[in-house]
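One structure below.
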Amino acid sequence: MPKLKVFIAILVLLATMHLTAIDSRSQKNHDPKEIPALLAATYIHAVIEADRTIYSQYIVERLGETVSLKASEKWNETNTLPLPAQFLMMSSQVVNEKNLGIQYRLKSLWPINEHNTYTSKKEKEGLESVAQNPNQPYVWTAKKNGSIIFNAVFPDLAVTKSCIQCHNSHPKSPKRDFKKNDVMGGIHISFPITKPASSQNRLAVAPEVVTDYVHAILEADRTIYAKHVVNRLQKKNIIYASENWWEENTLLLPAQFLLNASDLIKNMRLGLDYKLISLWPINPHNGAANQFENIGLETVASKPFRPYIGTTQIGNHTYFQAVYPDIAITPACVTCHNGHPKSPKHDFKLYDVIGGIVVSIPMNSD
Ligand code: HEC
Ligand code: HEC
């Protein structure tokens, strides 16, 4: 019977799904919807947090235990892994330099590196507040060059025991009694308010700005992971990445890094979702799931400059979706995809579009 029940559940689900893709050029007449700023910050934080957790648990902690591959401050000189904090800081630098408006930093009231202390009264209050009450991000606004900047501090938790072992024993750490799941610091996120002039909501951001931010962070984390972890350690024959990373005690492929973080985000049930898809997928699960994704992939494959955007209706819920091109930025992308026995395409060239990243965020229904 359970099999039948699952089958019926799937049928009901299919029956309630009305997938309608609305091209960006044919928007409905009403004002484009907007995302409240705190909700936007919550999505952004979820992405940073998910990647940080995957890196800490599946890379640093797991490979430390199984193959004694350590993480250390001098990772480049010692052929080890960057520390989780260094990973976050490298990727935040990449994102900050894109000048999209979004900025984020890892800060603490008890920093090992004094550069990571608070730099304003509000930031200090934010760190104190999330240390007291980790369930509530601390938010404020500031004015800069005529625009309103929204700020939020989210707690940074000791998610693995390696966090506390290392900080408690580090000679420069001013605090030595961290316990698992303690608040160790905070992630300060800021971005300008970009709502349309007609907006009713005082602090809101346009949905395409939110997906641009989410995409920028995903790209930055994947690039840092590919460049400073996978490519560097493979070149030095320290460790390699493989599809069967779990059984073989190896690194995850960059695509698997992204997909595992996306599973974590799904489990957070925020409604935020992203995936990696392609018209020529190695894994058939990564093919286009509907007409919107199919047109999106075709569009970004021929014009890889702007994302393909639209809204999709699933039951009573409306989702804003954006498909971004996923480009073969290193020769390794090309070699591996062209040579993979399950790949349906074997003539990718450097800088070709291999697929797309679809980012979906829920919109309030009418
Ligand atoms: C192997 C040692 C090590 C591990 C493991 C580690 N850290 Fe750190 N952490 C550091 C060092 C060293 C710095 C300072 C990096 C720098 O120079 O900016 C740091 C920086 C930080 C900061 C910024 C404030 C500061 O102390 O400078 C926070 C917050 C933080 N780590 C939290 C964590 C959390 C949470 C984890 C686990 C997910 C973790 N750390 C894992 C060593 C470690
Ligand atoms: C060492 C091999 C390898 C490398 C290097 C690699 N990939 Fe992949 N890629 C895979 C495999 C295997 C999958 C399927 C993962 C799964 O099971 O979901 C995949 C999945 C993907 C997908 C989803 C569609 C599909 O084919 O299933 C895209 C898009 C993608 N990779 C793009 C890239 C890009 C861009 C790069 C370089 C930045 C890259 N890949 C580097 C092996 C590789």
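The values are calculated or read from the model by the stated rules, or taken from the named source; none is laboratory data. On a predicted model such as this, the values are computed, not experimentally measured, just so you know. Here the Cβ positions follow ideal geometry from the backbone for every residue, glycine too, while neighbour counts run over all protein chains shown.
Worth a mention:
- The set of residues from segment 140-180 being among the basic types (Lys, Arg) and under 24 Å from Leu83 (Cβ atoms) comprises Lys161, Lys172, Lys175, Arg176, Lys179, Lys180.
- Qualifying residue in segment 326-347 (condition: under 20 Å from the mean Cα position of the chain (by Cα) and surrounded by 22 or more Cβ atoms within 10 Å (Cβ to Cβ)): yes
- Val210 vs. criteria crowded, with 21+ Cβ neighbours inside 10 Å, in a helix (DSSP H, G or I) and within 16 Å of the chain's Cα centre (by Cα): yes
- Of the candidates Ile224, Ile193, the single residue that is under 24 Å from Ile361 (Cα atoms) and at pLDDT below 95 is Ile193.
- Close pairs from segment 331-355: first within 9 Å of ligand 2 (Cβ to nearest atom), partner of a type in the set (D, E, K, R), Cβ under 8 Å, at least 6 apart: Val334/Lys349; Val334/Asp352; His337/Lys345; Val353/Asp326; Ile354/Asp326; Gly355/Asp326
Condition check ((1) within 16 Å of ligand 1 (Cβ to nearest atom); (2) small (Gly, Ala, Ser)) across all residues:
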{"residue": "Gly186", "(1), (2)": "yes, yes"}
{"residue": "Arg202", "(1), (2)": "no, no"}
{"residue": "Thr211", "(1), (2)": "no, no"}
{"residue": "His215", "(1), (2)": "no, no"}
{"residue": "Ala220", "(1), (2)": "no, yes"}
{"residue": "Ile224", "(1), (2)": "yes, no"}
{"residue": "Leu233", "(1), (2)": "no, no"}
{"residue": "Lys236", "(1), (2)": "no, no"}
{"residue": "Glu248", "(1), (2)": "no, no"}
